[in-house]
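Enquirer: Sharing a structure with you now.
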Amino acid sequence: MAPSNAKSANEDVFEFVRKSEEAVLEVGRRWAETLSDFVPAEVPLAREMTKQVLEFLEELLKIQRDFAEQVFDETTKAATKTAKAAKKTTKAAKKTTKAATKTAKAVAKKARAPRATKRAPAKRAPAKRPAAKTAAARR
């Protein structure tokens, strides 16, 4: 169901087309009246020409409709491909993020893990021995 403003817009377009057609018909009538004094009216010829013009316009409209449908189809295909590619990229990014998070947690756990063996006690510096007295100091 079309929104009410769309219906209003459609009605406006239809009214415009009706008024335009009436104006064209009025011009045609006046033109025919003016020419009737100079050229004999051949109604069958005019009807045939009108028929040919309308057939031409119908074909033109069909071609334009086909083109518009092709544009829509191609646009839809492109949008679908883009959406699929985006979904695939998002899935890959999630997988990469999950793997990176797992690796980071493992590294953090390893850094916090207690050591399996005890540390060896720190070595003490050797005690200083008193310097040997020299001969001069002994006297």
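The values are calculated or read from the model by the stated rules, or taken from the named source; none is laboratory data. What you are looking at is a predicted structure, and each value in this text was computed from that prediction instead of being measured. Positions of Cβ are backbone-derived with ideal geometry, glycine not excepted, and every protein chain shown enters the neighbour counts.
Enquirer: Which number in (1) surrounded by 10 or more Cβ atoms within 10 Å (Cβ to Cβ); (2) modelled with pLDDT under 90; (3) aliphatic (A, V, I, L, M) marks the one condition that Ala113 misses?
Expert: (1) is the only condition that Ala113 fails.
Enquirer: Condition first: outside any loop (DSSP other than H, G, I, E, B), at pLDDT 80 or above and of a type in the set (A, V, I, L, M). Can you find one or more residues in region 33-51 that meet it?
Expert: So far as region 33-51 goes, yes, one or more of its residues are outside any loop (DSSP other than H, G, I, E, B), at pLDDT 80 or above and of a type in the set (A, V, I, L, M).
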